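The values are calculated or read from the model by the stated rules, or taken from the named source; none is laboratory data. What you are looking at is a predicted structure, and each value in this text was computed from that prediction instead of being measured. FYI the Cβ positions are ideal-geometry reconstructions off the backbone, even for glycines, and counts take in every protein chain you see.
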Amino acid sequence: MSATHTVTNQVPPLVGHDAADYPPFLEALRREGAEHALDEVHEVGRLAGSAEAQEWGDLAEAHPPVLHTHDRYGNRIDEVRYDPSYHRLMETAVGLGLHGAVWADARPNPHLTRAVRSSVWGAVDAGHGCPISMTYAVVPALRANAELSAQYEPLLSTLEYDTSHRPPLEKRGLIAGMSMTEKQGGSDVRANRTEAVPQPDGTYRLTGHKWFTSAPMSDLLLVLAQAPGGLSCFFVPRILPDGTRNAMAVMRLKDKLGNHSNASSEVEYEGAHGWLVGDEGRGVPTIIEMVNMTRLDCTLGSATGMRVGTQQAIHHAVHRRAFGAALVDQPLMRNVLADLAVEAEASTTVALWLAALTDRAAGGDERATDLRRISLAVSKYHVCKRGPLHAAEALECLGGNGYVEDSRMPRLYREAPLLSVWEGSGNVAALDALRAMGRQPQTVEAFFEEVERASGADRHLDAATQRLKEAFADVETLQHRARTVVGDMAQLLQGSLLVRHGHPAVADAFTRSRLGGEWGNVLGTLPTGVDTAAIIERSTPKVGS
């Protein structure tokens with residue numbers, strides 16, 4: 001071989017490591033008394049860090065789903081076919097209980113332990129996480145119809161992944177989705193025009209077009225439609241109890257920026273059979289139970305992308321030399337890497353805290369319910385909004401190598417904007433936070449009580465708390481300033497959690513930069529004196545561990 005083709009100074013692939021070996025995961029589990037899950041979490045981590053699992057993600061990304069509307073004889077079939085790797089990912093996620101199994105888990109802290117395992121496994125592929133998340137989220141909404149819940153919840157929580165085309169109650173396990181958005185309304189679901197006509201047998205017939213329906217091969221969908229009593233929520237199975245296809249046609253798959261392994265589609269309901277979930281006219285309050293759970297997963301998913309991007313950037317910098325030294329030893333690169341790590345830790349910390357809060361709220365804790373209501377809204381806005389900026393900076397750390405598909409960094413970059421769009425774009429999330437403040441003022445009280453648990457521990461945190469309280473005074477311009485106020489709330493919450501529970505170096509870097517003004521609002525501009533070595537060490541993947 002020619003000497004010009006000798007490969008030197010290239011970075012080995014990041015494989016053969018425990019993807020769960022990340023301090024914020026382990027610290028959150030121990031803090032909440034969930035040590036019982038540690039062995040299971042590390043088992044998921046070793047699988048997620050394996051070359052085999054990463055190849056499943058690569059193949060699912062490279063071979064997107066394909067829609068087959070008709071069979072060879074001209075019969076309408078509306079089947080989306082996936083690469084076998086996608087089914088391996090789904091089978092694994094279901095087997096790990098990352099879908100609806102949490103609702104049948106009698107062990108302590110089920111939502112927190114699921115969140116950690118979901119984030120660990122999410123490093124392999126983001127697309128299949130969509131139907132997994134929707135199956136997780138459908139259960140509390142379905143409980144608005146006790147009869148349907150009793151029939152289907154056991155199948156939504158079983159650890160069996162069943163791709164057969166059979167009536168739901170004849171299958172070993174089910175996957176669920178939601179079908180809300182219409183082309184004329186987008187996030188304004190009250191503008192939906194899909195019509196639901198009641199039938200003598202108590203069912204409804206749904207007719208209309210849905211602009212976005214992800215994972216259309218799901219066994220059942222929750223669908224919003226206009227009934228005589230107003231916008232309502234309906235349970236719509238893909239295969240009816242008699243074994244026939246429901247009257248719903250997949251018109252096309254969306255050609256998306258990212259999330260390639262997941263099918264997103266337009267669906268036409270042509271008199272499809274549906275069963276009412278909740279009361280007529282209560283469609284939004286019913287399905288919001290599902291939306292809130294998927295918003296939690298959006299926050300968690302953005303944090304997952306940040307962690308993965310940070311670890312890829314650090315791994316590259318450890319093994320790559322430039323200008324006579326390893327990149328990781330050069331001060332400016334250390335500033336960038338540490339800042340990436342701080343953002344990822346802050347986002348992971350608040351996402352896992354929200355999952356733990358969900359456990360407490362599910363147990364009947366009213367304060368936790370109020371606190372979760374406002375904190376989820378502000379965190380979904382801010383964490384998901386930070387994701388694309390973080391992905392771009394992490395990619396840049398690899399230089400030209402980060403711009404090629406083999407590095408997986410372009411995939412990370414394409415995924416990042418989705419989580420800010422899904423379940424309400426930035427403006428929708430910010431306005432939802434304002435709605436919570438106006439309609440449930442006790443949520444704001446609970447929020448400040450929470451952040452002030454760190455009162456006196458950090459001067460930047462204390463000053464930021466006071467500034468935020470003053471920002472609420474001008475009520476008339478609050479909507480105009482919504483992004484600023486909600487973003488400040490999110491950062492204040494993150495800072496308080498890091499000061500109380502995080503590593504001192506990370507907390508110091510976060511409060512000085514994000515809350516104290518010693519930051520240029522560009523990643524890689526941390527102030528001097530920050531302990532970058534300690535911060536980077538926490539996010540350095542331990543290959544071979």
Candidates Ala433, Ala454 - the one that is more than 21 Å from the chain's Cα centre (by Cα) and of a type in the set (Gly, Ala, Ser): Ala454
Matching residues, the stretch 276-324, being part of a helix (DSSP H, G or I), among the basic types (Lys, Arg) and farther than 20 Å from Leu221 by Cβ: Arg307
Any hit, the stretch 270-287, residues being touching a Gly at 6+ places or on another chain (Cβ under 8 Å), surrounded by 24 or more Cβ atoms within 10 Å (Cβ to Cβ) and among the charged types (D, E, K, R): no
Residues satisfying the stated conditions in the stretch 447-489, i.e. within 12 Å of Ile374 (Cα to Cα), surrounded by 20 or more Cβ atoms within 10 Å (Cβ to Cβ) and of a type outside the set (Asp, Glu): Phe447, Val486, Met489
Residue count, the stretch 180-237 (criterion: among the hydrophobic types (A, V, I, L, M, F, W, C), touching a Lys or Arg at 6+ places or on another chain (Cβ under 9 Å) and more than 26 Å from Ile132 (Cβ to Cβ)): 3
Single condition Thr511 does not satisfy, out of (1) closer than 30 Å to Val428 by Cα; (2) surrounded by 22 or more Cβ atoms within 10 Å (Cβ to Cβ); (3) out of contact with any Leu (no Cβ under 9 Å at 6 or more places or on another chain): (3)
Helices (runs of 4 or more DSSP H) contained in the stretch 1-111 and holding at least 1 residues among the β-branched types (Val, Ile, Thr) and assigned by TED's automatic domain parsing to the domain that holds His128: 38-48, 84-95
Glu405, sole failed condition from (1) surrounded by fewer than 23 Cβ atoms within 10 Å (Cβ to Cβ); (2) under 13 Å from the mean Cα position of the chain (by Cα): (2)
Count - residues of the stretch 71-93 that are basic (Lys, Arg) and within 15 Å of Leu253 (Cβ to Cβ): 1
Answer from Val506, Val451 - the residue that is touching a residue at least 40 places away in the same chain (Cβ under 8 Å), within 19 Å of Val378 (Cβ to Cβ) and in a helix (DSSP H, G or I): Val451
Among (1) within 24 Å of the chain's Cα centre (by Cα); (2) buried (at least 18 other Cβ atoms within 10 Å of the Cβ) - the single one Gly516 does not satisfy: (1)
Residue match in the stretch 360-376 (condition: closer than 30 Å to Asp58 by Cα and among the polar types (S, T, N, Q)): no
Residue selected from the stretch 241-268 under the condition closer than 18 Å to Pro167 by Cα and in contact with a strand residue (DSSP E or B) (Cβ under 6 Å, 6 or more places away or on another chain), by the criterion surrounded by the most Cβ atoms within 10 Å (Cβ to Cβ): Met248
